[in-house]
1. In the stretch 88-135, what residues are of a type in the set (Gly, Ala, Ser), more than 16 Å from ligand 1 (Cβ to nearest atom) and over 24 Å from Arg173 (Cα atoms)?
2. In the list Phe108, Phe22, which residue meets the criterion of being of a type outside the set (Gly, Ala, Ser) and within 25 Å of Thr136 (Cα to Cα)?
3. Considering the stretch 421-437 alone, what residues qualify as being touching a residue at least 60 places away in the same chain (Cβ under 8 Å) and either surrounded by fewer than 18 Cβ atoms within 10 Å (Cβ to Cβ) or in a helix (DSSP H, G or I) (or both)?
4. What do you reckon, is Arg373 farther than 28 Å from Arg210 by Cα, among the basic types (Lys, Arg) and away from ligand 2 (no atom under 16 Å from the Cβ)?
5. Which one of these is modelled with pLDDT of 95 or more, closer than 27 Å to Ser240 by Cα, away from ligand 1 (no atom under 15 Å from the Cβ) and over 23 Å from the mean Cα position of the chain (by Cα): Ser204, Ser190, Ser185?
6. What residue, of Ala82, Ala175, Ala124, Ala166, is free of Cβ contacts under 8 Å to residues at least 40 places away in the same chain and touching a helix residue (DSSP H, G or I) at 6+ places or on another chain (Cβ under 7 Å)?
7. Taking the stated definitions as given, is Phe108 touching a residue at least 60 places away in the same chain (Cβ under 8 Å), closer than 25 Å to Ala364 by Cβ and of a type in the set (A, V, I, L, M, F, W, C)?
8. Among the residues that make up the stretch 252-267, is at least one of them of a type in the set (Val, Ile, Thr), free of Cβ contacts under 8 Å to residues at least 40 places away in the same chain and within 24 Å of Cys143 (Cβ to Cβ)?
Amino acid sequence: MTQISVSCSSAIDLHLGQTLVFNANPFDAGPDAVTHEYHGAIAVQAGRIHAVGTADDLRLRYPEAQIHDHGPGLLVPGFVDAHAHYPQTGIIASWGKRLIDWLNTYTFPEETRFADLTYARQIAGQYLDLLLDHGTTTVCSFCTIHPASVDALFEAAQERNMRIFAGKTCMDRNAPDGLRDSAQSAYDDSQRLLDRWHGTARGSYVITPRFSPTSTPEQLSALGALWAAHPECLMQTHLSEQTDEIAWVKSLFPQARDYLDTYEAHGLLGENGLYGHAIHLENREKDRLQELGAALVHCPTSNTFIGSGLFDMEGLTRSGLRVGLATDTGGGSSFSMLRAMAAAYEIGQLRGRPLHPSELLWLATQGSARALRADDQVGNLAPGLEADFQLLDLGATPAIAQRSARAGDIWEALFPTIMMGDDRCVKQTWVAGQPML
Ligand code: GUN
Ligand code: ZN
C-alpha cells in the first residue's frame, strides 16, 4: 500500500500487526473500500497516527522507532459507541419489560441515584473502564437530569484522555419525583454544562432531551432555542423505538404530523441531530431526516432485548442517511460493540440483507464517528487522526479459533470474532497512543 503520513518531530511508536484501513465507505464501495495488510504497521507520534503502511516500509522509514510487534493480531480503530446511557450500567440485563415499563421499573429508580456526585463518579469511572476493556474508545452518552452526573462523566473521560460526547438528560414530565427538571432549569443547567465542558480536552457537550414523552412542549422549545444558539453542538434524543411509545407520543402531541414532527416543531431537528433507534419511521420522517442530513443511530442489542423491532439498515443507508452503531447500554444487553455488530448482522438477516463484515466494522468505527461528526478525529487508521485503536485476537476462544483457522481471507477470519466475540477478544486498547489495559 502507498505510504501516507503527516510530519512532526517527537518519538515514534511503531505498531506491527494485521491492519484494516478504510479508504471509502463499504456500503458504497463494497469490501474493496478497505485495505488489509497482513504485515501492516501504524506509526504513532504525539498521540496521533503519523503513518500507516506495510511493516517493511515503515520499519525502513523509522529506524529509530520503538517497535511493538503484535504478531498476527489485528489492529483496528477503537470502537465508537454512538448512543449509550452510562447511568444504566448497574441495571443492564434487567428482565422481562418492554420500553415504558422498563424505564419505570428499572431505569428511573437507578437514575435517581445520580443526584449523588460520589455515586455518579463511581459509575462513570467503572463504565469507562468497561468500555476500554471492550475496545471502545469514544462514546456518546446520555447522563441523568443531574448536572453532577455530567461533571462525573466528563471528569472521568478527562482522567483517561478519552474523546467523549455527553449531555444532561432533560425531563420535565412523565418521570418520577427526583427525576424531573423544568423548561427553565433544563435550559440553564444545559447552558452551564455546555460552557463548562464543550471543547475542553477531548470533550463535546451534547444537548439532550430524553424523548418527547418526558418533555413538555415548553421544555422542547427551550432546548431548541439552546441548540439554535449553539448549532455547533450535537443534539441527541430517541425516535420511534416502540409502537406503544409512538402511540403515546401521538396522544401527547395531537397536532404533530408524526413523532419526528414533535422535535421539528420545537427546533430539535437538524443536521447535527442524532436520533436513536428510528425503527418505525413513516415515509415523511425518512424523507425529512434525509433532506436535513440528520444522523440515525442503530442500537441492535437493545432493539432485540427490549423487543422494539428491526431497523431498516438497507433502506436508510441507501437513501444516504448517516447511520451510526451503538450499544444503548443498559437497554442494550452488552457493553461490547462486537455484540452490537453481531446483532446488527442478525437483524439484517431477518430483513433479508446480510451485512458484510466490512460494513459491520465500518458502522462500529467510522460510521459512528461520522454520525458524531468526528470522522476527522477518530474512527479510522489514517494519518492525522487521533491514535485511538485496539488490538483484536482473532482466535481468542477455542470456539472462535477453530473457525478462524479455516478462513480464506481476512473477512472470514474476522467474522467469527464479530459473531462470537466480546471483551475476551480485545487484547489492548490505546487512547491517544497510550496503552489503557
Ligand atoms: N427512550 C427514552 N429513554 C430511553 C432509554 O433510556 N433507553 C431506551 N432504550 N429508550 C429510551
Ligand atoms: Zn437510549
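1. Ala124, Gly125, Gly135
2. Step by step, each of Phe108, Phe22 is checked, and only Phe22 is of a type outside the set (Gly, Ala, Ser) and within 25 Å of Thr136 (Cα to Cα).
3. Asp423, Cys425, Lys427, Gln434, Leu437
4. Considered against the rule, which asks whether it is farther than 28 Å from Arg210 by Cα, among the basic types (Lys, Arg) and away from ligand 2 (no atom under 16 Å from the Cβ), Arg373 comes out as no.
5. Ser185
6. That would be Ala124, the only listed residue that is free of Cβ contacts under 8 Å to residues at least 40 places away in the same chain and touching a helix residue (DSSP H, G or I) at 6+ places or on another chain (Cβ under 7 Å).
7. no
8. Among the residues of the stretch 252-267, not one is of a type in the set (Val, Ile, Thr), free of Cβ contacts under 8 Å to residues at least 40 places away in the same chain and within 24 Å of Cys143 (Cβ to Cβ), which makes the answer no.
The values are calculated or read from the model by the stated rules, or taken from the named source; none is laboratory data. This structure is a prediction, so every number in the text was calculated from the model and none was measured. Note that each Cβ is placed from the backbone with ideal geometry, even for glycine, and that neighbours are counted across all protein chains shown.
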